[in-house]
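The values are calculated or read from the model by the stated rules, or taken from the named source; none is laboratory data. Not measured: the values here are computed from a predicted model. Because the Cβ atoms are built from the backbone with ideal geometry, glycine has one as well, and the counts that use them run over all protein chains shown.
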Amino acid sequence: MSGSNAYTDSHAVSTHPLACMKGYEPLAFWVVTKAPRDVPEWPYVARKWEAGKPVATHYCSRTLGALRLLLRRDEGCQLCIDRDPNDDAVIVETWL
């Protein structure tokens, strides 16, 4: 046997377990924070995360209700997860 196999002979192999799925998009979620230090002029900020990493997309709002509406209406979010007691104190909730 020559020592070659399908794994070593194939082209670029992603380490992500779902990368082989056609049309795969990483899981996106939104973390809503209250009074974040980096955006002091806005009381509420929602930051988008993909595959466990933050991306540049974010929304700012004067009210939590308006931010929730925006996430449901414009981003298609349907599930709100309350803040875990171990989360950073500025985190309010997470949306999927």
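Residue count for segment 39-57 satisfying the condition of being part of a strand (DSSP E or B) and under 19 Å from L27 (Cβ atoms): 10. When segment 43-58 is filtered for residues that are under 15 Å from I91 (Cβ atoms) and touching a strand residue (DSSP E or B) at 6+ places or on another chain (Cβ under 6 Å), the ones remaining, listed by number, are Y44, V45, A46, R47, K48, W49, P54, H58. Take the conditions within 15 Å of the chain's Cα centre (by Cα) and either among the hydrophobic types (A, V, I, L, M, F, W, C) or assigned to a strand (DSSP E or B) (or both) and apply them to C60. Does it pass? Judged against the criteria, C60 is not a match.
For H16, the test of being exposed (fewer than 15 other Cβ atoms within 10 Å of the Cβ) and either modelled with pLDDT under 95 or aliphatic (A, V, I, L, M) (or both) is passed. Applying a threshold of 6 Å to beta carbon distances and a minimum spacing of six or more residues, or different chains, the list of pairs starting in segment 63-81 at a residue that is part of a strand (DSSP E or B) and ending at one that is surrounded by 12 or more Cβ atoms within 10 Å (Cβ to Cβ) and among the hydroxyl-bearing types (S, T, Y) reads I81/T94.
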